[in-house]
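Right, one structure below, let's go through it.
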Amino acid sequence: MSKMDRRSFLRFGGLCVLGLGVLSGAEVLAEKQLKAAPASPALVGKKWAMVIDMKKCWEAGKGECRDCILACHRAHNVPDIANPKEEVKWIWTEPYEEVFLDQKQEYTAEGIQGKPFLVLCNHCDNPPCARVCPTKATFKREDGIVMMDYHRCIGCRFCMAACPFGARSFNFRDPRPLLPKLNPDFPTREMGVVEKCNFCAERLEAGALPLCVEACRQGALVFGDLEDGNSEVRTILRSRFTMRRRPELGTGPNVYYAI
Amino acid sequence: MLEKALMGGKRYWSWLILLLAMMSVGFRFYLLQLNQGLTITGMSRDVSWGLYIAQFTFLVGVAASAVMVVLPYYLHNVKAFGQITIFGEFLAVSSVIMCLLFVIVDLGKPMRLLNMLLYPTPNSILFWDVIVLSGYLLLNIVIGWNVLEAERKAVSPPDWVKPLVYVSIPWAVSIHTVTAFIYSGLPGRDYWLTALMAARFLASAFACGPALLILLLLIIKTLSKFDPGREAIQKLAQIVTYAMVISLFFVGLEFFTAFYSQVPGHMHSLAYLFAGLDGHGKLIPFMWAFAFLAIGALILLLNPRTRQQESTLKVACGAVFASLWLEKGLGLVVAGFIPNAFGEVAEYLPTAPEILIALGIWATGALILTVLYKVAVSVKEEVA
Amino acid sequence: MYNARSILSGLGVFLVLITFPFWYNVGKSAAAPEPKLDTPAIQQLSRKQCVGSTPYMRANHMQLLEEWRTLAVREGKRVYEAADGKKYEISLEKTCLKCHGNKAQFCDQCHNSLSVKPDCWNCHVAPEGR
């Protein structure tokens, strides 16, 4: 208990003096008392990534399948907002020409023209959203996931300006009443915070693959560790031609599209 | 000295009451925003910053422009500015307060504002902006107040004020540079991703800030016995002229790079602002108003006769302020989001509640400015 | 003394305002809250023991929840080892609320009585809504 007091005292001291480095060091020490150990069945990776086989997606789904989107949005309590200005989306589709703006041309192959491509947070290697966040509410985890701490977000929306992929949504109003059905096992968000896909960090911790991957009946979405040479994602990347969105910006997106 | 703000005529008090009324209307709508969320504004998933952040950006410029009276006086001994530095500093004080208020009303979770200090994040430009703005506010209050108090007692200011003044000069440049970095360091926002941003911000700040100061000083001249002096006004007018020329030159540079290179990403935002994009063009009238006002102001300023004549100078200064407000306080921020990450145009115009909240903050700034200027003018009248 | 009357009346107003909470609440003592622990889940436990001792939880549950929040959200650590060596999953929904499913009698009673408004339930789904 005395440690708790010391900790809150240090916090307050940090606020007054902005004594940065010392404070974070002390906090780490204070947290040691909890002796947290990693959960045993969790999926552990060094650099999580996703490869989306768009051909499989279209062939089986005929461009109308929404299994992955619905599964994700239901499980994560993503509200269904009709007004496009206030839409909240974690995973959704956009036509090819808009997803790969720099590839837009008059004579695109017919098989690809206007085809829906799945888009979600790219969990970049060098995420500009995390760089600009003034409170570390968005941060990069060691396993590569760009995570959000909704408890800490102040809703300044700097991350939305910084993200070149339009992957972030803001809660312009209270999302609770707009949920068709509440999933009690996952928190909702509250009014005034930004949100986005979390690569199902909560499922990985429980040893399960991301829900969109599991929900896809065609196996078009593949999830794995890029640092593991034998992972399924690496196998596909070795054998197929893949694309990433806006690689020239240097953010290092970790969602690959196999066409 | 503050007691001087409590002694004023009927006109003074009715002006304050008017401002208080505007503030309470703004506050009323802010409560609505707290209750219902930012849905009451015109902002969207695509244009996620709007009027509030644009006002913030514009007012950081007004605040930084105090350096345009402080620097000539303290570093180049321009005596004409001796009487008016205080008005520049107090203008900076009220502008910085408005800036901070605009940041707060823009937050989705204002109650968590202190998270910025509880979890200090040096890699975030917004964190640095809050730090430099708070520091600048403190510097200008301390310097302004002490210099004025010394003037009242007819002594020279305490020795420790001088170093603070010297610090405040680069500090003023820093606040607007850091504010420009908020924009110019974001990948994928081509309109903002230009090294020219900070320079452009400073140039337009040094035009519109002193232009506002000229207008304010001329108002003070008619309302009180204090005369800033013709020389001071004319010196300021020259500063406005140079800064306006440079400012428009910079805008021209952006146009050249975009349209000579023909890189679509660089052309889109400018095209949207001045000609419309994919059939969308709600900001076109505002941007052409900017162009005409700016050119009109430039003609009046470059011509020595119209610059030296008070009546035309007033018009020129009003045009400078209005045009740069349109360019920076509206177009620059909004157009950075257009087109969005998918090449689509989602338009933005502020809503009525949003405008009323912004007006409430402007009224708050005006109230603070009025009170501070009242104190300063009373001291000047007393000393003279 | 200059302006004695205005100074004294000003002081009077100040005193009245600053003591407002005391005289406003005179005679309105509220009953002490009695959080209930008799949920079915708790009754089924062979050893009725929370992740910490009762006095510790009563005084420090908010700090503990904050620590849990940091560990789960920011460090991705989901296992908490209690003082007695027992391991728990770090989760408000899956651990705390599994036993304390009676939010109204357990959480709200004290919070209401102390006029504390934690915002947990803005996002986390309260047991009643499950």
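Could you give the Stokes-Einstein D for the protein assembly as shown in µm² per second, using the C-alpha Kirkwood radius, 20 °C, 1.002 mPa s?
Rounded to a whole number, D works out at 73 µm²/s.
Could you line up A:67, C:84, B:129 from fewest to most neighbouring Cβ atoms inside 10 Å?
Ordered from fewest to most neighbouring Cβ atoms within 10 Å, A:67, C:84, B:129 come out as C:84, A:67, B:129.
Return one number: the angle in degrees, 0 to 90 and rounded to the nearest 10, between the long axis of the Cα atoms of helix B:310-326 and the longest principal axis of the Cα atoms of chain B.
Between helix and principal axis, roughly 40 degrees.
Along Cα→Cβ, 7 Å out, is where each label goes; now give me the distance between the ones at residue C:28 and residue A:230 in nm to one decimal.
7.0 nm
Of B:143, B:115, C:20, which is farthest on the positive side of the dipole of the protein assembly as shown, counting Cα position, with +1 on Lys and Arg Cβ, -1 on Asp and Glu Cβ, and the Cα centre as origin?
Of the listed residues, the answer is C:20.
Quote to one decimal, in nm, the extra length available between residue B:257 and residue B:230 on full extension: 0.36 nm per residue of separation minus the C-alpha distance between them.
This chain segment gains 5.6 nm when fully extended.
Calculate, in nm to one decimal, what residue B:28 and residue B:346 gain on full extension: separation in residues at 0.36 nm each, minus their alpha carbon distance.
Gain on extension, residue B:28 to residue B:346, equals 111.6 nm.
Sorting C:18, B:86 on the 10 Å Cβ count, fewest up front, what's the list?
By the 10 Å Cβ count, ascending, the order reads C:18, B:86.
Which net charge results for the neighbourhood of residue B:277, defined as the other residues with beta-carbon distances under 14 angstrom from its beta-carbon, given Lys and Arg at +1 and Asp and Glu at -1?
Around residue B:277, the charge tally is -4.
Hey, fewest Cβ within 10 Å first, where do B:266, A:123, B:76 land in order?
Neighbour counts put them in this order, fewest first: B:76, B:266, A:123.
Can you give me the relative contact order of the range B:280-331 as a percent, contacts being Cα pairs under 8 Å and 6 or more apart?
Reported as a whole number, the value is 46 percent.
For the range B:130-138, in order, what is each residue's ³J(HN,Hα) by Karplus, 6.51 cos²θ - 1.76 cosθ + 1.60 with θ = phi - 60°, in whole Hz (x at glycine and Pro)?
Working through the residues one at a time gives 5, 5, 5, 5, 4, x, 5, 4, 4 Hz.
Please identify, among C:51, C:79, C:16, the residue showing maximal mean-square fluctuation in a Gaussian network model of chain C using a 10 angstrom Cα cutoff.
Per the Cα network of chain C with a 10 Å cutoff, C:16 tops the list.
In the Gaussian network model of chain C, springs joining C-alpha atoms below 10 Å, which of C:33, C:118, C:55 carries the largest mean-square fluctuation?
Result for chain C, Cα springs under 10 Å: C:55 fluctuates most.
Roughly what angle does helix B:264-274 make with the longest principal axis of chain B, taking Cα atoms, 0 to 90 degrees, to the nearest 10?
Once rounded, one gets 60 degrees.
Enumerate the amide H contacts of residue A:173 below 5 Å, restricted to partners 5 or more residues apart or on another chain; note that Pro and chain-start residues carry no placed amide H.
Result for residue A:173 returns A:192.
Give the share of C-alpha pairs in each 10 angstrom bin for chain B, from 0 to the last occupied bin, in whole percents, shortest bins first.
5, 23, 33, 26, 11, 2, 0
Which links in A:55/A:140; A:181/C:103; A:47/A:85; B:109/C:28; A:56/A:104 stretch past 28 Å when you go from one Cα to the other?
A:55/A:140; A:47/A:85; B:109/C:28
Need one number: nm distance between label points at residue B:291 and residue A:102, each 7 Å from Cα along Cα→Cβ, rounded to one decimal.
Result: 3.1 nm between the two label points.
Taking θ = phi - 60°, what integer Hz values does the Karplus form 6.51 cos²θ - 1.76 cosθ + 1.60 yield along the range A:105-120, in sequence order, with x for Gly and Pro?
Result, ordered by residue: 8, 6, 10, 4, 3, 4, x, 10, 3, x, 6, x, 10, 6, 10, 7 Hz.
How high is the relative contact order of chain B, in percent, counting Cα pairs under 8 Å that sit 6 or more residues apart?
30 percent
Take chain B, connect every pair of alpha-carbon atoms lying under 10 Å apart with a spring to form a Gaussian network, then pick out the residue of B:334, B:167, B:93 with the largest mean-square fluctuation.
In the Gaussian network model the winner is B:167.
Can you compute 3J(HN,Hα) from phi for each residue in the range B:112-126, using the Karplus curve 6.51 cos²θ - 1.76 cosθ + 1.60 with θ = phi - 60°, rounded to whole Hz and x for Gly and Pro?
Once rounded to whole Hz, the list reads 9, 3, 5, 4, 4, 9, 5, 10, x, 10, x, 7, 9, 5, 4.
Which of the three applies to the range C:33-130, rounded, prolate or oblate, going by the alpha-carbon gyration tensor with a ≥ b ≥ c and a/c under 1.5 meaning rounded?
Rounded shape, in that the Cα axes give a/c under 1.5.
In degrees from 0 to 90, rounded to the nearest 10, what is the angle of the helix C:54-69 Cα long axis to the longest principal axis of chain C?
That helix lies at roughly 80 degrees to the long axis.
Under the definition of Cα pairs under 8 Å and six or more residues apart, what whole-number percent is the relative contact order of the range B:267-383?
24 percent
Given DSSP loops and a limit of at most 16 other Cβ atoms within 10 Å, what is the longest stretch of chain B that contains no such trypsin sites (Lys or Arg not before Pro)?
With a cap of 16 other Cβ atoms within 10 Å, the longest stretch comes to B:1-152.
Read the figures in this text as sums done on the coordinates, not as results from a lab. Quick caveat: nothing in here was measured; it's all calculated off a predicted structure. Counting neighbours? That spans all protein chains shown, and the Cβs are built from the backbone with ideal geometry, glycine included.
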